[in-house]
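Read-outs throughout are calculated quantities, based only on the coordinates presented, and are distinct from any laboratory measurement. Just so we're clear, the structure is a prediction, and the values are computed from it rather than from any experiment. Cβ: placed from backbone, ideal geometry, glycine included. Neighbour counts: every protein chain shown.
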Amino acid sequence: MRTVLAPDRPPDRRAAFGAPCPACRLPVRAGRLVCTSCGCLIPVEAAAGRFRRSVRILAAVAAGRLLALRGEALVWIMALVPLLVGPPLAAAALAVMRHRRDARAGPFPTWLLVVAGANIVLSLAMWSVLSVEILQQIQAGWQGLRDLLIPSQRVPVFRYA
Ligand SMILES: [Zn+2]
């Protein structure tokens with residue numbers, strides 16, 4: 001039996017190409033590191049794309065979990081948010097309002113109020129320290145900029161008698 005070989009055909013052009021460029025989606029020759037269309041580094045762009053997809057998935061999962069949290073857990077998370085005064089204040093207010101509305105739901109949220117209060121005090125202390133530091137940095141920056149833009153009185157180098 002004789003095998004019939006396929007007649008010589010031009011090489012399949014698509015076989016020479018690998019996956020499309022992760023940035024511009026145009027075909028890229030297999031084995032290339034730099035896209036000839038947009039100039040991006042293909043491995044870097046592919047890794048960044050995977051990272052962005054992972055972050056998006058994690059954010060969606062976290063948002064879903066946060067929305068699924070009911071009552072107590074959400075109030076505790078709000079009470080523990082650092083450096084912000086609003087969320088712990090809101091958590092304390094929500095806990096007190098919830099207790100007033102339905103006292104049978106649980107005991108008075110003493111610990112939550114203590115934790116939220118401590119968090120508020122710590123946040124305010126941190127901001128008072130940080131504000132002094134930030135103001136000093138701004139003053140130093142302004143002084144440097146002023147010295148750069150407005151030359152102060154120059155000390156004469158040569159004196160003519
Ligand atoms: Zn590209």
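In Å, the Kirkwood hydrodynamic radius of the stretch 14-68 over pairs of distinct alpha carbons? So the Kirkwood estimate lands at 12.7 Å. In percent, rounded to a whole number, the relative contact order of the stretch 14-68 is 22, using alpha-carbon pairs under 8 Å and six or more apart.
Taking the beta-carbon count within 10 Å as an exposure proxy, list M97, M78 from fewest neighbours to most.
Ascending number of Cβ neighbours within 10 Å: M97, M78.
Measuring nothing but alpha carbons in the stretch 53-130 and taking Rh as the Kirkwood radius, the Rg to Rh ratio lands at 1.08.
For the stretch 69-149, the relative contact order works out to 30 percent when only alpha carbon pairs closer than 8 Å and six or more residues apart are counted. Footprinting exposure proxy ranking of L26, L113, fewest other C-beta atoms within 10 angstrom first, gives L26, L113. Just name one of L135, G86, L122: the one whose Cα is farthest towards the positive end of the charge dipole of the stretch 69-149 (beta-carbon charges, Lys/Arg +1, Asp/Glu -1). The one lying farthest along the dipole's positive direction is G86.
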